[in-house]
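Here's the structure we're looking at; comments come further down.
Values quoted throughout were computed directly from the atomic coordinates according to the rules given, and no laboratory measurement underlies them. In this text the structure is predicted, and so the values were computed from the model without any measurement. All Cβ positions, even for glycine, are placed from backbone atoms using ideal geometry, and neighbour counts span all protein chains on display.
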Amino acid sequence: MINSWRKVLSKTDIGEGGTHDKYLYIPKKILVNGEKQSPFFGSDKNPTEFYNRQPGRPGKENWVFVDHIDKITGDVYKARFEYARVSKQTRLYRLAECYNARKPKAGDVIVVEKIESDGEVNFIVDIERNGLSINVLSPAEIEKSLKLKKIIKKKPETNIFLNKINPSLDKYASGKSRKSTDIIKRVQIYKIIFTINNKTFVYVGQDSLCRGVNYYFGSSILTGFCELVYGRQIFKKEILFTLENIVKKKVDKKEWDCIYEARRECKKKGWHNINREVQI
C-alpha cells in the first residue's frame, strides 16, 4: 500500500480566507463517512514519519523544504515544511502553482502520495474532485492565466541533454519498477503520434499517474529528446484506455495488444513504431 495523506481544502488553504499567507496545514484528524480518523493512510502515522524529517520552525535559519512533484504536470514545488508553535499546526507553504494549474474550490481534496522506487522517495501531489484528478489546464492555458495575473513563472533548471528530471518516477508510472502481481488503482494506456522531417513515429505506453493528453509523452529516450528539441507541441496524444483496480500483468497485456495494433497501423501507413527501439 502506498503511504499517503489527504485533506479537504478550505478557503484558507487556497488563499481565499483573508489570511496574509497561502498555506496548507496537515490535519490531525479528518472526517470519513461522518467519523474522525487519521489523514494518513499506510504505515506512516504523522508528518514526521511521512516526510522522513522533522518540520522546520519560523525564521529563515530554521526553514525545511520538501520537493513535491505535481502528479499531472511534473512540475516540482519546493514546499516549506513547518511547525507553527502558536497554532500547533504542521503546514506546507508555496503550493500556489499547483492551485494555479487546477483552479480548486473549497471542498476539493488534496492528496499527497509517498512513492518509493529504485531507492528514491518522491512526494506526489494532486487535487481531486469526486474521487478523480481535477482537469489541469494545458501549458498554454497556464501561461495565459499567469500573464493575466502578471505572475512571472520561473523556468525550471533542467539537464539540457536529457529531459528526464525524475527517471525513477517515470519507471514507476510506466510500470517498469512494479511487480506483475501489483494491483494498480488507475492507469491509462496512451498512444503518441509525431512527425519529424516527413517521417511519422508512433509510441504506445502506460501511465499510472494518469496525466492526460497535455502532459507526459512516454519513458522513451527518443520522445524525451524530441520534446526537448522540438517542444511538446509536436506530439498528438490519445488516451486509448483507462483501467481501474487491475493487476499489473493484465495492464502489460493490454499495452502490448495496443502496441501490436499500432505496428499494424504503421505498416499500413508507412509510419514507424518506436516501442522497444530506444528505451531506458
Report, by chain and number, residues whose modeled amide H sits under 5 Å from the one on LEU240, excluding near sequence neighbours (fewer than 5 apart, same chain). ILE189, TYR190, LYS191
Could I have the simple spin-label model distance between THR195 and SER87, label points 7 Å from Cα toward Cβ, reported in nm to one decimal? 5.4
What is the distance in Å between the Cα centroid of region 1-76 and that of region 202-280? 33
Work out how much length ILE2 to THR242 would gain on full extension: take 0.36 nm times their residue separation and subtract the Cα-Cα distance, in nm to one decimal. 84.4 nm
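Remind me, what semi-axes does region 48-133 give for its equivalent ellipsoid, largest first in whole Å, using sqrt of 5 times each Cα gyration tensor eigenvalue? Provide the component values of the computation, followed by the final result.
Values: eigenvalues 100, 59, 29 Å².
In descending order the semi-axes read 22, 17, 12 Å.
Do any trypsin sites (Lys or Arg not before Pro) in region 39-99 lie in a DSSP loop with no more than 15 other beta carbon atoms within 10 Å, and if so, which? Could the numbers behind the result be given before it?
Working: sites: LYS45, ARG53, LYS60, LYS71, LYS78, ARG80, ARG85, LYS88, ARG91, ARG94; in loops: LYS45, ARG53, LYS71, ARG85, LYS88, ARG94.
Sites meeting the loop and neighbour criteria: LYS45, ARG53, ARG85, LYS88.
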What are the ³J(HN,Hα) couplings of region 38-47, residue after residue, when phi is run through the Karplus curve with 6.51, -1.76, 1.60 and θ = phi - 60°? Round to Hz, x for glycine and proline. 5, x, 9, 10, x, 7, 7, 10, 7, x
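Any chance you could tell me what percent of the C-alpha pair distances in the chain go past 26 Å?
On the way: 18596 of 39060 pairs.
So the portion of pairs separated by more than 26 Å is 48 percent.
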Looking only at chymotrypsin sites (Phe, Trp or Tyr not before Pro) in DSSP loops with at most 14 other Cβ atoms within 10 Å, what is the longest site-free stretch of the chain? 162-280
Please name whichever of TRP63, TYR260, ILE127 sits farthest to the positive end of the charge dipole of the chain, dipole taken about the Cα centre and charges placed at Cβ: Lys and Arg +1, Asp and Glu -1. ILE127
Gaussian network model of the chain, Cα springs within a sub-10 Å range: biggest mean-square fluctuation belongs to which of GLU97, GLU16, GLU227? GLU16
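Could you compute the FRET efficiency for SER10 and LEU228, with r as their C-beta to C-beta distance and R0 at 41 Å, rounded to 0.05?
Values: r = 39 Å, r/R0 = 0.96.
Using R0 = 41 Å, I get an efficiency of 0.55.
Sort region 3-148 into rounded, prolate or oblate with this rule: let a ≥ b ≥ c be the square roots of the eigenvalues of the Cα gyration tensor; rounded if a/c is under 1.5, and if a/c is not under 1.5, prolate when a/b is larger than b/c, oblate otherwise. Show your work: numbers first, answer last.
Values: a/c = 1.26, a/b = 1.22, b/c = 1.03.
The shape class here is rounded.
Considering just Cα atoms, how many Å³ per residue does the convex hull of region 167-273 enclose?
On the way: hull volume 9.2 nm³, N = 107.
Here the figure is 86 Å³ per residue.
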